[in-house]
1. Only one of THR147, THR153 is in contact with a Leu (Cβ under 7 Å, 6 or more places away or on another chain), β-branched (Val, Ile, Thr) and under 24 Å from THR120 (Cβ atoms); which?
2. For segment 154-175, state whether one or more residues are in contact (Cβ under 8 Å) with a residue 40 or more places away in the chain and β-branched (Val, Ile, Thr).
3. Give me the pairs, please: first residue somewhere in segment 51-73 and on the phi > 0 side of the Ramachandran plot and modelled with pLDDT of 95 or more, second residue anywhere and loosely packed, with under 15 Cβ neighbours inside 10 Å and not basic (Lys, Arg), beta-carbon distance under 6 Å, and either six or more positions apart or on two chains.
4. Regarding THR103, is this residue in contact with a strand residue (DSSP E or B) (Cβ under 6 Å, 6 or more places away or on another chain) and surrounded by 13 or more Cβ atoms within 10 Å (Cβ to Cβ)?
5. Return yes when ASN149 is farther than 20 Å from MET40 by Cα and touching an Asp or Glu at 6+ places or on another chain (Cβ under 8 Å) and no when it is not.
6. Hey, can you tell me all the residues within segment 52-98 that are assigned to a loop (DSSP other than H, G, I, E, B) and either under 18 Å from LEU152 (Cβ atoms) or within 17 Å of the chain's Cα centre (by Cα) (or both)?
Amino acid sequence: MTIQSISKVLLIATALSVFSACDKDDDDQTKTYYQTQDQMARPAINTVFVSAADKDVFNTTTPSAMNGLFASKFKSRLLALNPGYTTNLLGLNADQFTNVLVTDVLNASTTAPTTFFDGTNVLTGRALADDVIDVELTLIFGGPSGTANPGLTSDHVNGNDKEFLPSFPYLANPH
């Protein structure tokens with residue numbers, strides 16, 4: 001199995017981890033129900049763009065309904081964070097970028113390389129070594145070339161503190 005295949009499996013497992021199992025009826029142990037706990041497909045998006053007052057609603061909203069309920073709030077927040085926003089490195093204006101941000105799902109491509117952004121492929125998954133926060137900061141603050149506001153386009157954490165393993169489970173060993 002390739003690293004990309006394993007990454008896709010881990011991606012799906014991570015996506016499923018936003019749910020927690022609970023049994024609604026203690027007398028009937030044959031039924032399991034799931035309850036949404038947190039929408040965090042894209043790190044920091046929920047944290048930055050969803051107000052504290054909206055967290056519970058956002059976290060229990062199905063992705064197909066997120067745009068209608070939260071797009072205007074996300075766009076307002078984007079323009080409050082970067083009042084000079086015109087387009088980003090992907091060529092997305094504020095409305096287009098808001099539509100990408102507001103649906104908090106992690107896409108997975110079965111035909112393209114697994115990456116959050118590698119300069120060519122965008123949101124085709126997420127590899128373990130992807131610097132997701134730097135990508136998100138660049139898309140919010142970097143402007144059309146990705147180089148505007150250089151002090152705001154990186155968290156300056158340029159890698160994992162321990163090397164990823166060369167074979168499954170690929171995650172770095174704990175400290």
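1. Numbers: THR147 fails: in contact with a Leu (Cβ under 7 Å, 6 or more places away or on another chain).
On inspection, the qualifying residue turns out to be THR153.
2. no
3. none
4. Values: in contact with a strand residue (DSSP E or B) (Cβ under 6 Å, 6 or more places away or on another chain): no; surrounded by 13 or more Cβ atoms within 10 Å (Cβ to Cβ): yes.
Considered against the rule, which asks whether it is in contact with a strand residue (DSSP E or B) (Cβ under 6 Å, 6 or more places away or on another chain) and surrounded by 13 or more Cβ atoms within 10 Å (Cβ to Cβ), THR103 comes out as no.
5. no
6. Quick first cut of segment 52-98, residues assigned to a loop (DSSP other than H, G, I, E, B) only: 60-62, 82-86, 88-92.
THR60, THR61, THR62, ASN82, PRO83, GLY84, TYR85, THR86, ASN88, LEU89, LEU90, LEU92 - these are the residues of segment 52-98 that are assigned to a loop (DSSP other than H, G, I, E, B) and either under 18 Å from LEU152 (Cβ atoms) or within 17 Å of the chain's Cα centre (by Cα) (or both).
The rows are residues; the columns are (1) at pLDDT 95 or above; (2) of a type in the set (Ser, Thr, Tyr); (3) part of a loop (DSSP other than H, G, I, E, B).
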position	(1), (2), (3)
ASN107	no, no, yes
THR114	no, yes, yes
THR120	no, yes, yes
GLY125	no, no, yes
ILE140	yes, no, no
ALA148	yes, no, yes
GLY159	no, no, yes
ALA172	no, no, yes
HIS175	no, no, yes
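The values are calculated or read from the model by the stated rules, or taken from the named source; none is laboratory data. Just so we're clear, the structure is a prediction, and the values are computed from it rather than from any experiment. FYI the Cβ positions are ideal-geometry reconstructions off the backbone, even for glycines, and counts take in every protein chain you see.
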